[in-house]
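The values are calculated or read from the model by the stated rules, or taken from the named source; none is laboratory data. Computed from a prediction, not measured in an experiment: that's the story for all the values here. Because the Cβ atoms are built from the backbone with ideal geometry, glycine has one as well, and the counts that use them run over all protein chains shown.
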């Protein structure tokens, strides 16, 4: 029983960060209809940003979110404006291949400059886990969990309550009609891609104290992200959140009750099954 | 013109080892041919049928492991092992195809990615069969006699000729397919899958046949990999990056062309290997860069662009 509660807790904690990355991927897909294979590399850039700002200037990663998220927001807007904009009209597959190229470029530039070594960032207050009710909770993961909830809620409010959010949702439903109603679709595309990138990078910053970082970490993260987004339904924000938590739970419970070695495999099998039998996602909210 | 070019190319390929004994250059040429082989076989499905697979490393890994295991534990001759690798790869392709071809476009690509990851994780954890992350090693390849001559595997030259034969056959295969009924079906699937079905093409069967053909050749390439490097482990032969590199070579060279993969391999592999020789990490920078440039400015690939240039001139 105790190990069950323990794995549920750690599954939800990790899942919340997965969810945050997946929300970024899903809004970009929803609004711009592109599957961004470079999304995992944006997480990686966030991780390295936090790592360097901690090692060079001693800024705590949970504070440096405030630097890296806005910077990556601007970076994402520039990528959309100068790299993706011309390619999107060439079709879904060409865009997929283009982002695959972007992903390889970013990951290998990182490999070139920072080498492939595995690095860790050790915080002073992160050595001992907190033990509420006898359950072990790693402190950095707990802080990251609450910050991820705050950031995701803020995004949700942005999407549901503000004019920009309404314009984004309108563009997701139908770009032509949105443009006819006076929405500047170009600007919305830039903002959406910026937001997606910022979410990925912020999640990377929050994950740094809990994960190893290395330049090709994005590869495994993006694959997990696809699992989540397909589970929840491509393009759906609540679906991505639910899918993220679900994958976190499946992984941590699978590690305890099935096998540690095959915990990642369970997620992929689930992914294939959902793709085949419920392409709109488990919750039936996504557009396939 | 094309025929002349092909003849000149073959002559150059046949005589190249006589021109230089530099081992780095020999290795470079072997790698270019190896990637031509992979690019050409990926092109069968990805280029002609427009089905972008991000999971072709599955078949490479299967071919490599079948060759390795049949030699190490059963003592089967490596050549028969290579052939077996291709056949087993094609056998795996059928169920994978039947599952993944229910999906279209980018969804198909994502499904192949998931299949590849599942296979990699199984290979990593099924230690009785694959020795897991430790990998398998061939310490000694016995020399064989062929047409009266003894072939010494310690030298790179026999591998070079083996690679030439494989790569040229793969290109001949893509040429034959492009002229065949299967090729026409595949093009129809790429251009408009619904119309293809409407005129009575069994699109699932067509794509499964193309995948199996492609997997057979990639399986052979896997066997070649095992013999040339004499070491395989799951992260070396089942890596996502291998699948992605095949895609890049085919796309940068020119989708659905016979000569595209060799052009893509010559450009990307030589830049990549020279870069790797000088700096340790990051040799795929140029793969990403060329991919982005080609998609944006030259969607028909380098070879396709050159062809257009000649057509416009002449």
Query raised in the report: Can you tell me which residues in segment A:256-272 are loosely packed, with under 15 Cβ neighbours inside 10 Å and more than 10 Å from chain B (Cβ to nearest Cβ)?
Result: A:257, A:258
Query raised in the report: Based on what the data block shows, is residue A:33 in contact (Cβ under 8 Å) with a residue 40 or more places away in the chain, more than 13 Å from chain B (Cβ to nearest Cβ) and surrounded by fewer than 18 Cβ atoms within 10 Å (Cβ to Cβ)?
Result: no
Report summary line: Among helices (runs of 4 or more DSSP H) entirely inside segment B:258-314, those with 2 or more residues being away from every other protein chain (no Cβ under 14 Å) and out of contact with any strand residue (DSSP E or B) (no Cβ under 8 Å at 6 or more places or on another chain) are B:260-278, B:301-313
Query raised in the report: What single numbered condition from (1) at pLDDT 90 or above; (2) under 13 Å from the mean Cα position of the chain (by Cα) fails to hold for residue A:227?
Result: (1)
Query raised in the report: Taking into account only those residues within segment A:36-85 that are out of contact with any helix residue (DSSP H, G or I) (no Cβ under 6 Å at 6 or more places or on another chain) and outside any helix (DSSP H, G or I), which is nearest to the other protein chains (Cβ to nearest Cβ)?
Result: A:85
Query raised in the report: Within segment B:57-79, can one find any residue that is facing chain A (nearest Cβ under 9 Å) and at pLDDT 90 or above?
Result: no
Report task. For residues that are within 11 Å of chain B (Cβ to nearest Cβ) and either closer than 24 Å to residue A:275 by Cβ or crowded, with 24+ Cβ neighbours inside 10 Å (or both), tally how many sit in segment A:199-217. Result -> 1
Query raised in the report: Condition test on residue A:93, is it part of a helix (DSSP H, G or I) and within 11 Å of chain B (Cβ to nearest Cβ)?
Result: yes
**Report entry** Flag if residue A:25 is at pLDDT 90 or above and touching a helix residue (DSSP H, G or I) at 6+ places or on another chain (Cβ under 7 Å)
**Finding:** yes
Requested in this report: Taking the residues in segment A:103-125 that are within 16 Å of residue A:46 (Cα to Cα) and part of a loop (DSSP other than H, G, I, E, B) as candidates, determine which candidate is farthest from the other protein chains (Cβ to nearest Cβ).
Outcome: A:121
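Output yes when any residue across segment A:184-191 is within 14 Å of chain B (Cβ to nearest Cβ), under 29 Å from residue A:72 (Cβ atoms) and not in a loop (DSSP other than H, G, I, E, B), and no when none is.
no
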